[in-house]
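Worksheet: the structure to be examined is printed underneath.
We did not get these values from a lab; they are worked out from the coordinates using the rules stated. It should be emphasised that the depicted structure is a prediction, and the values quoted were computed from it without experimental measurement. When we count neighbours, we look across all protein chains shown, and the Cβ atoms used for this are built from the backbone with ideal geometry, even at glycine.
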Amino acid sequence: MSDTNTAAADNSGPAITISAMHKWYGDFHVLKDINLTVERGERIVVCGPSGSGKSTMIRCINRLEEHQKGSINVSGIELTNDLKNIDTIRREVGMVFQHFNLFPHLTVLQNCTLAPIWVRKMPKAEAEEIAMKYLERVKIPEQAQKFPGQLSGGQQQRVAIARSLCMNPEIMLFDEPTSALDPEMIKEVLDVMVDLAKEGMTMLVVTHEMGFAKQVADRVIFMDGGEIIEQNEPNEFFDNPQSDRTKLFLSQILGHS
Amino acid sequence: MTIETVDTQPKPNLLNDPKFRAIAAQIVVVVLFVSFVAYIISNTAVNLEKLGIKAGFEFLGLQAGFMPTSPNFNLTDFDVNKDTHMDVFWLGLVNTLLIAVLGIIAATIVGFVFGVLRLSKNPLVNFVAAAYIEGVRNIPLLLQILVWYFGVLLALPIVKQSINMGDLVFLNNRYLVAPAPIFEDGFGFVTIAFIIGIVATFFLARWAHKRQDTTGQQFPIFYSALGLIIGFPILVLLAMGVPLNWNIPELKGFNFVGGVQITSQLTALFLALTFYTGSFIAENVRAGILAVSHGQTEAAYALGLRPNRTMSLIVIPQAMRVVVPPVTSQYLNLTKNSSLAIAIGYPDIVNVFMGISLNQTGKAIEIIGMTMGVYLTISLLISMFMNWYNKRVALVER
Ligand SMILES: Nc1ncnc2c1ncn2[C@@H]1O[C@H](COP(=O)(O)OP(=O)(O)O)[C@@H](O)[C@H]1O
Ligand SMILES: [Mg+2]
């Protein structure tokens, strides 16, 4: 099979290890000395003001963005320019975007089977079976034959989660999955994510949903100005923030909601 | 649903009823249009009668008595000694179709290539593409036709000093001449092999699709198709002992004999139409690709799809629905613009039929009507085909 010469994922060590990682956009130093280890099965919530580099950081993990200094290691595979490594890591890591990014020209079912068929080289019937299983998990199997444009925002985001899960990833990245949704739809998406956390998925979630953080996170990370300012387990983080910037940020988001 | 609710609602005043208004407006438009056409026709008929001109198509059967094209570019084998104005019409029609088909194919290729290059991250490539598109798009087509013809092709050497490419192809200020194939006994098998190759590719593609559905294995369909459609006929050709000869052009006196000749008029018109229309298509293609948001590519990458698959499965299908409608109008433009052929003497329908035949017969109404009918028919056929294609790539929205 074609998998013989790809870098093999190592399932024993940490899920993600980022050390002394820096990134620049031109002259702009967007990520500064990021150090972060994510253990297998760990759930991490990342928060921080807009523009602090949260998206950039998690997009470096599946190489949608390239870092310039330091190292990122995912499931034992070092992220370099080696295309084989990038392919392997992208198969291991699922991602859910703020704006869903479903493929509008494909049905919900086709959205879910596309990658298993073309990347995992799976027979169509098997891919569809798996897709239906995950569509049931996110509670919209009856929408399988519809197109994304015919669904509500909450439904679309649940399809996007199912689409990622169909690749059977080890790690799931979420970039503000609920911030483009109307308030009444946020819960249905968070419920799916809570279920996923209960099943032991390794999750890295950028979100400002503090209820979600308290309920599922093992650790909350606060970023500002491209740096990790502070990290702690959720209760301690919310009740007893250490830095002034964290306090200010928490007072702003809690004051508003 | 709506009908039931309307029935239960009180009826609005007739003048405020949108349905009544829509129907009334249509009736008014139809009445105005019909009266206008009737007026034009009766007015023309009265005027023609006053001038003593009889309308009718008998002239089509009369011998034309002039040679509408040069002897080395005579696709319909026009015979000046017996052929009629109807034959002039056919000759012009064939030449118009020829330049339209060649131009559409070439402009599509040029447009797609430069549209993609225009998006290149390489600054040099990007600059070259931008310079071509902006330069060519903003200069009148007629000027470009004249530049290609008078500036480039007529500036080539005279026939006796033709540019010689390997003793096979010769280029001069009147034409390009290349070897012409002569098919001998047995070449029919090669043609049959070619047809078999196409049919086999069709079935192979279906088989490969089915197999991927059932086993997940992918099949290199592109290279197999190449082998079947090109490789197989070549094998048959060799097996048959190459039943094919070439009629190689040779300079005899003041002219070349043998080979196929492509006149400078055709070349100039073809190049001008191709690059002019290609620059517009390039812009359409660029807009279409840009219309597919970057998030689509990122989502595909995040799922592990490679860039080439992302392009063919995600970006192109979505870009096509934006690209097809404006490209359709570019095809129509190219076809209609081909009538500028008259400026350099390419024998298209406007030049030979609406030009010379009209001059000789004076049958303005009939000839202009027929010529307009030709363009209208071609344009409608192109539109119908592109609409059908567009339906296939259209997106289901809410
Ligand atoms: N492609 C880019 N080019 C230049 N600057 C960028 C780019 N993407 C993001 N940035 C900048 O990097 C900073 C961090 O962005 P981002 O990671 O999106 O922040 P967050 O997700 O925390 O709101 C912002 O100041 C943003 O303007
Ligand atoms: Mg962000």
Dipole axis of chain B (+1 Lys, Arg; -1 Asp, Glu on Cβ), positive-most option in B:ALA302, B:ILE27, B:LEU228: B:ALA302
For the range B:249-348, what mean projected area does the convex hull of the alpha carbons give, in nm²? 9.6
With θ taken as phi - 60° and the coefficients 6.51, -1.76 and 1.60, list the Karplus ³J(HN,Hα) couplings across the range B:118-123 in order, rounded to whole Hz; mark glycine and proline as x. 4, 9, 4, 7, 6, x
What residues qualify as long-range amide H neighbours of B:THR84, i.e. H under 5 Å apart, gap of 5 or more or another chain, H built at 1.01 Å from N? B:ALA64
Would you mind ranking B:ARG118, A:ARG120, A:ARG158 by Cβ crowding within 10 Å, fewest neighbours first? A:ARG120, B:ARG118, A:ARG158
Cα-Cα over 29 Å, subset of A:LYS23/A:LYS139; B:LYS336/B:LYS391; A:LYS139/A:LYS247: A:LYS23/A:LYS139; A:LYS139/A:LYS247
Where q = 0.09, 0.13, 0.16 Å⁻¹, what log10 of I(q)/I(0) comes from the Debye formula for chain A, counting one point per Cα? -0.40, -0.85, -1.26
Taking K and R as +1 and D and E as -1, what net charge do the other residues with C-beta under 12 Å from the C-beta of B:ALA300 add up to? +3
Along the charge dipole of the protein assembly as shown, pointing to its positive end and built from +1/-1 on Cβ of Lys, Arg, Asp and Glu, which listed residue (B:MET354, B:ILE316, B:VAL46) has its Cα farthest out? B:VAL46
Charge dipole of the range A:82-121 built from unit charges on the beta carbon (Lys, Arg +1; Asp, Glu -1), centred at mean Cα; most positive-end Cα among A:GLY94, A:ALA115, A:LEU83 is A:ALA115
Taking a crude spin-label model, label points 7 Å out from Cα along the C-beta direction, the B:LYS82 to B:LYS50 distance in nm is 4.4
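Can you give the FRET efficiency to the nearest 0.05 for B:ASN72 and B:ILE368, using r as the Cβ-Cβ distance and R₀ = 25 Å?
After rounding, the FRET efficiency stands at 0.25.
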Of B:GLY92, B:GLY103, B:GLY61, which has the largest mean-square fluctuation in a 10 Å C-alpha GNM of chain B? B:GLY61
Charge sum, other residues only, whose C-beta stays under 13 Å from A:ASN235's C-beta, Lys/Arg counted +1 and Asp/Glu -1: -2
Relative exposure of A:CYS112, A:CYS47, judged by other C-beta atoms within 10 Å (fewest first): A:CYS47, A:CYS112
At 37 °C and 0.692 mPa s, the Stokes-Einstein diffusion coefficient in µm²/s for the protein assembly as shown, with hydrodynamic radius from the Kirkwood sum on alpha carbon pairs, is 105
Dipole moment magnitude, nearest 20 debye, the protein assembly as shown about Cα centre, only Lys, Arg, Asp, Glu C-beta charged: 1160
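Quick one: in chain B, what % of C-alpha pairs are over 35 Å apart?
51
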Kindly provide the helix-only [θ] at 222 nm of the protein assembly as shown, computed as the sum of -39,500 (n - 2.57) over DSSP H runs of four or more divided by all residues, to the nearest 500 deg cm²/dmol? -16500 deg cm²/dmol
Could you run the Karplus curve 6.51 cos²θ - 1.76 cosθ + 1.60 with θ = phi - 60° over the range B:156-162 and give me ³J(HN,Hα) per residue in whole Hz, x for Gly and Pro? 6, x, 6, 3, 5, 10, 3
